[in-house]
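A short reminder: the numbers here are calculations on the coordinates, not readings from a lab. Everything numeric here is computed off the predicted structure, so don't read it as measured data. Every residue, glycine as well, gets a Cβ built from its backbone with ideal geometry; the counts of neighbours run over all protein chains shown.
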Amino acid sequence: MPIETPQPFSFDRRGFLKRSALTLGAAVAGSSLLSACGSDDAAGGGEGGAEKVTYLSILPLETLSLAPELLGVAGGYFAKHGLDVTLQATKGSAQALQTLVSGVGLVTRLGQIDLMIANGNRNQQLVNVGTYNRVTTLRFVYSKKNHPLEKPEDLLGQTMGVPSEGGTSDNVVSLVMANAGLDPKQVKRQVVGLTPGTFELVAQGRLAGYVVSTDTAQILLAQNSDVGIFEPSKYVTADSQVYTATKDTVAKKPETLRKFMAGLHDAMSAILADESLDETIKTLRSKYKFATLDNDAIAKQSLKLSRESWVAGDPNKSVLVTNEERWLAGYKELTNAGLVQAGSGDPKTWFDNSFLPKS
């Protein structure tokens, strides 16, 4: 499997904006997504007259990191609120963001990092309408034999695999370094696939590690005793994931957003209430089939870790509510690291809990 020449990461704002613009332009130019999705979501036309909406996923649909969205469809939670939801995969956060801003799709799920960079550096008028996870669900996978990654210093001079340049995973690597008082430019980045097969590059010593989702990490741990896991959550505050809409959508389709968030809330609540997770897995398998879902042990462990991330630090165990204190702490972390221009806006206006069901 060939590796492209790694490109060093820089905190230079002008360079960052240039890379971001190129990434977004390529995503739009090279994609058939806009034509595939059609025009903006229209009311009616779904089964039983339900309102048709499109959810833009930054992840492939074959992952339990999308459990609430998948269960929302398979379990009828969106339908209960009058929505016919299509889940549309995109090629990462850059394409999902550009597609959303173009008016295609109701909502996507981005990293807090992505939203704050988009609003703070590019004034893209995005709104967090609900927080998915309160601690990062990303993991750094490494080889115990070749190069253990036990602390940020172990990344110095190394190459880390990330799914896209300038995306959430890339920025989490930078934040881990910056928050440890280290220079993020001392870690090279290489764009690689998210699959378990990429670990072969780590085993060969061509990468020190790569960034994966929780369920991919669980597959690797089950398959290979050489796999080690570095937890970035020990060093990063800002890497929550948030359901994101444009200000235009917030103004024009508030009731549709409330229906969507109500369906999500019901799906997440059902997963939290299903202690054994047997019913959740049964319902998901009635509509979907993929590796992590097909393996009982991996599926349950992945879902348990996801559930923990949804309610971490909340004694009330409420889902989707954005905690203002933590949100602002993430903004401070990003401005301190130079990823977001300080004074570029009021982060308190970048989230809105009013679209969530009343408790």
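Quick notes on this structure:
- Couplings for region 183-190, taken from phi via the Karplus curve 6.51 cos²θ - 1.76 cosθ + 1.60 with θ = phi - 60°, read 7, x, 5, 7, 10, 6, 10, 10 Hz in order; Gly and Pro are left as x.
- Comparing Thr283, Thr214, Thr168 in a Gaussian network model of the chain where C-alpha atoms under 10 Å apart are linked, the largest mean-square fluctuation is found at Thr283.
- Computed from point charges on the beta carbon alone (+1 for Lys and Arg, -1 for Asp and Glu), the dipole magnitude for region 209-282 about its Cα centre is near 540 Debye.
- For the chain, the pair-distance distribution built from all alpha carbon pairs, in bins 10 Å wide starting at 0, is 5, 25, 35, 26, 8, 1 percent.
- Within region 68-173, GluC sites (Glu not before Pro) in DSSP loop having at most 13 other beta-carbon neighbours inside 10 Å: Glu150
- Computed about its Cα centre, the charge dipole of the chain is approximately 480 debye, with only Lys, Arg, Asp and Glu carrying charge at their Cβ.
- Choice from Asn336, Asn128, Asn295 with maximal GNM fluctuation in the chain (Cα, 10 Å cutoff): Asn295
- Percentage relative contact order, the chain, counting C-alpha pairs under 8 Å, at least six apart: 25 percent
- Gain on full extension, evaluated as 0.36 nm per residue between Ala297 and Lys348 minus their Cα-Cα distance, stands at 14.3 nm.
- Among Ala217, Ala337, Ala251, residue whose mean-square fluctuation peaks in a GNM of the chain (springs only between Cα atoms under 10 Å): Ala251
- Residue among Gln204, Ser302, Val250 farthest towards the positive dipole end of the chain, charges placed on Cβ: Val250
- The residues neighbouring Leu138, those whose beta-carbon lies less than 10 Å from its own, together hold a net charge of -1 under the Lys/Arg +1, Asp/Glu -1 convention.
- Annotation: amide H of Arg189 within the under-5 Å range of Gln7, Phe9, Met160, sequence separation 5 or more or interchain, hydrogens built in the peptide plane.
- Computed over region 94-213, the Cα gyration tensor eigenvalues convert (square root of 5λ each) into semi-axes of 29, 16, 12 Å, ordered from largest to smallest.
- Cross-link table Lys259/Lys358; Lys252/Lys317; Lys188/Lys247; Lys52/Lys304, entries beyond 24 Å C-alpha to C-alpha: Lys252/Lys317; Lys188/Lys247; Lys52/Lys304
- Cut-off 19 Å (backbone N to label point 7 Å along Cα→Cβ of Ala312), residues of region 99-133: 109-116, 130-133
- Per-residue ellipticity at 222 nm, computed for the chain from helices alone with -39500 (n - 2.57) per DSSP H run of at least four residues, works out to -12000 deg cm²/dmol.
- Partners of Lys145 within straight-line reach, counting aspartates and glutamates whose Cα lies under 19 Å from its Cα and excluding those fewer than 8 residues away in the same chain: Glu153, Asp154, Glu200, Asp226, Glu231.
- Under-5 Å amide H pairs with Asp84, H placed in peptide plane, nonlocal only: Glu51, Lys52, Val53
- Beta bridges assigned by DSSP with both partners in the chain are antiparallel in approximately 60 percent of cases.
- Model label zone, Leu272; criterion: amide N under 16 Å from point 7 Å along Cα-to-beta-carbon; scope region 117-153: 130-135
- In region 328-359, the trypsin sites (Lys or Arg not before Pro) that fall in loop regions by DSSP, at most 12 other Cβ within 10 Å: Lys358
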